[in-house]
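Asker: Below are the structure tokens for one structure; questions will follow.
Read the figures in this text as sums done on the coordinates, not as results from a lab. Note that the structure is a prediction, hence the values are computed from the model and not measured. Cβ atoms come from the backbone with ideal geometry, glycine included; neighbour counts cover every protein chain shown.
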């Protein structure tokens, strides 16, 4: 598994919430201003190449589904944060979050 870009994470968060969706369904799940269809479609195809998304044919289009669960990605990302920002120390991470109480301070 690899870390997703912010744009890829936004698409995956919506797809995890929807369970399965067309590109238009994903776009509809965004607040205004909504991303362009072509941009979202490109990100979905990139996610499919990375192994995060799969699809099935429906009529002339496709329905996309997560291939990697939100829990599996969360576990990967938590390990990545721990290894890259806290030198693998659980205690250091706990101390940091107890002190700050905010994840956006780290990102």
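Asker: Could you give the nm distance between label points at residue 79 and residue 1, where each point is 7 Å from its Cα heading toward the beta carbon?
Answerer: My value for the distance between the label points is 0.8 nm.
Asker: Which FRET efficiency, nearest 0.05, do residue 37 and residue 96 yield, Cβ-Cβ r, R0 41 Å?
Answerer: 0.55
Asker: Quick check on packing: order 24-34, 6-16 by the mean number of other C-beta atoms within 10 Å, highest mean leading.
Answerer: 6-16, 24-34
Asker: Show that you can apply the helix-only estimate: for the chain, add -39,500 (n - 2.57) for every DSSP H stretch of four or more residues, divide by all residues, and state [θ] at 222 nm to the nearest 500.
Answerer: It comes out at -17000 deg cm²/dmol, rounded to the nearest 500.
Asker: Restricting things to Cα coordinates, could you compute the convex hull volume per residue of the chain in Å³?
Answerer: That works out to 110 Å³ per residue.
Asker: So how tilted is helix 37-49 from the main axis of the chain? Cα-based, degrees 0 to 90, rounded to 10.
Answerer: Here the helix axis deviates by roughly 70 degrees.
Asker: Sorting check: for 59-68, 88-97, which peptide has the highest mean count of neighbouring beta carbons within 10 Å, and how do the rest follow?
Answerer: Packing proxy ranking, top to bottom: 59-68, 88-97.
Asker: Describe numerically, in nm with one decimal, the distance between label points set 7 Å from Cα along Cα→Cβ at residue 57 and at residue 70.
Answerer: 3.2
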